[in-house]
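The values are calculated or read from the model by the stated rules, or taken from the named source; none is laboratory data. Remember, it's a predicted structure, so these values are computed and weren't measured experimentally. Here Cβ is always computed from backbone atoms with ideal geometry, including for glycine, and neighbour counts include all displayed protein chains. The area values use the complete protein model at the heavy-atom level, side chains included, leaving out ligands, DNA and RNA. Shrake-Rupley method; radii C 1.70, N 1.55, O 1.52, S 1.80 Å.
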Amino acid sequence: RPVWFWLSLVFLLSRGPGQLRSVHAVLPPELWIHLAVVACGNRLEETLVMLKSAVLFSHRKIQFHIFTEDSLKPEFDKQLRQWPDSYTKKFEHRIYPITFSVGNPQEWKKLFKPCAAQRLFLPVILKDVDSLLYVDTDVLFLRPVDDIWKLLRQFNSTQLAAMAPEHEIPKIGWYSRFARHPFYGSAGVNSGVMLMNLTRIRSTQFKNSMTPTGLAWEDMLYPLYQAYRNAITWGDQDLLNIIFYFNPERLYLFPCQWNYRPDHCMYGSNCREAEREGVSVLHGNRGVYHDDKQPTFKALYEAMRDFPFQDNLFQSMYYPLQLKFLETVHTLCGRIPQVFLKQIEKTMRRAYEKHVIIHVGPDHTH
């Protein structure tokens, strides 16, 4: 990049990315993005950093659906209301209690992580929501949420959900080596980032191993759990794999750049889409934001957490990240910094260009 580009960028983005766009203020509610997360236990900070990353880069207004324990509700409300006005006008939030609509609530609560099984009930609880993006608390958006939301348009007439593969190399993946239950495709899918057409899910009869006829989503969940409870290791993700094993035509498989985990680089880079396009959605599973096993992931999390809302992205995020990444080159993930930085750079460039065209005018950009 020429020096003038970066100097212009620093100057023009000094007001922060949230103040460059007003389109989110005029969108009718039916065009908002719906983002859901389930946060229990010690996941408050992680969830707030994920929500911050969503708001930071988004164009459209977002409706957050936060499912959490009663003890965390006041803190979520307080923290979200403390964000600057230029960001709070980009979203609305609703907080819901943890509820399981079928079967034994205590059994569901114990499944895998605290409260993670809640995501299985989202189509039933959010009856007025047409489409939804669900993410785990340990996810970070490195580009506008609008971009993954657009993948809904790529669904064919039978597809009603989208996820990324659990592994890029099936023969060394977990499901192909260890699973004691059916799973989707050759490597299974990871449910940490899941795009759903809830209207289609609610109106579909799903093929299954328990009945000769199809079952509605709500009627299938508990019998499915009862049938496979002794064979599942990863809780609700395993149940989703079983569902889409029997209904493969219902799933849209999106590439690994939309759910990029340590597995994609810790043994060597194996996500080609991320090498080409950069990481779009980062998923720091296995607690990597909070230990020193994968310093690249931790650096990104801390940069997002510590970014002052009103600062410009280049000075307060991109440049410090480049410096931090120099300290991670002893790891395989740290040797490919461009993979992690490409989308952030692209987002900054877009914001800069938009600012120039809107505020300076197209005739003055040469």
Checklist entry - Filtering the range 148-171 down to residues that are closer than 19 Å to Phe183 by Cα and among the aliphatic types (A, V, I, L, M), which residue is most open to solvent (accessible area, probe 1.4 Å)? => result Ile169
Item to check | Unique residue being at pLDDT below 95, of a type in the set (Val, Ile, Thr) and closer than 30 Å to Arg153 by Cα when the list is Val49, Val3, Val23, Val10 | outcome: Val23
Checklist entry - Pairs, please: C-beta under 7 Å, at least 6 apart or cross-chain, first residue aromatic (Phe, Trp, Tyr) and in the range 261-279, second at pLDDT 95 or above and part of a loop (DSSP other than H, G, I, E, B)? => result Tyr267/Leu332
Next on the checklist: Of all residues being in contact with a His (Cβ under 8 Å, 6 or more places away or on another chain) and of a type in the set (Gly, Ala, Ser) in the range 177-198, which is surrounded by the most Cβ atoms within 10 Å (Cβ to Cβ)? Just the residue, please.
Outcome noted: Gly188
Checklist entry - Which residues, taken from the range 70-114, are surrounded by 15 or more Cβ atoms within 10 Å (Cβ to Cβ), farther than 18 Å from Ala36 by Cα and polar (S, T, N, Q)? => result Ser86
Item to check | Residue that is open to solvent by less than 30 Å² (accessible area, probe 1.4 Å), modelled with pLDDT of 95 or more and within 22 Å of Glu302 (Cα to Cα), where the choices are Phe141, Phe67 | outcome: Phe141
Checklist outcome for this item: Counting only residues in the range 294-322 that are open to solvent by 80 Å² or more (accessible area, probe 1.4 Å) and without any contact (Cβ under 8 Å) to a residue 24 or more places away in the chain, the one farthest from Asp138 (Cα to Cα) is identified as Tyr319
Checklist entry - In the range 113-169, how many residues are among the hydroxyl-bearing types (Ser, Thr, Tyr) and farther than 27 Å from Leu313 by Cβ? => result 3
Checklist outcome for this item: Of the residues in the range 129-173, those that are hydroxyl-bearing (Ser, Thr, Tyr), under 22 Å from Tyr289 (Cβ atoms) and either over 18 Å from the mean Cα position of the chain (by Cα) or assigned to a loop (DSSP other than H, G, I, E, B) (or both) number 1
Item to check | In the range 220-243, the residues that are within 21 Å of Leu198 (Cα to Cα) and free of Cβ contacts under 8 Å to residues at least 60 places away in the same chain | outcome: Met220, Pro223, Leu224, Asp238, Ile243
Next on the checklist: Residues that are on the phi > 0 side of the Ramachandran plot, modelled with pLDDT under 95 and not β-branched (Val, Ile, Thr), at least 1 per element: which helices (runs of 4 or more DSSP H) completely within the range 254-331 meet that?
Outcome noted: none
Checklist entry - Could you say whether any residue in the range 100-107 is closer than 24 Å to Met317 by Cβ and either free of Cβ contacts under 8 Å to residues at least 12 places away in the same chain or part of a helix (DSSP H, G or I) (or both)? => result no
Next on the checklist: Tell me whether the range 199-207 contains one or more residues that are open to solvent by less than 10 Å² (accessible area, probe 1.4 Å), at pLDDT below 95 and in a helix (DSSP H, G or I).
Outcome noted: no
Checklist entry - So, in the range 224-253, of the ones that are among the polar types (S, T, N, Q) and surrounded by fewer than 22 Cβ atoms within 10 Å (Cβ to Cβ), which residue ends up modelled with the highest pLDDT? => result Asn247
Checklist entry - Considering only residues of the range 109-128 that are in a helix (DSSP H, G or I) and free of Cβ contacts under 8 Å to residues at least 60 places away in the same chain, which is nearest to the chain's Cα centre (by Cα)? => result Ile125
Checklist entry - When you go through (1) open to solvent by less than 10 Å² (accessible area, probe 1.4 Å); (2) under 20 Å from the mean Cα position of the chain (by Cα) one by one for Phe325, which number turns out not to apply? => result (2)
Item to check | Matching residues, the range 124-138, being closer than 25 Å to Lys52 by Cα and open to solvent by less than 40 Å² (accessible area, probe 1.4 Å) | outcome: Leu126, Val129, Ser131, Leu132, Leu133, Tyr134, Val135, Asp136, Thr137, Asp138
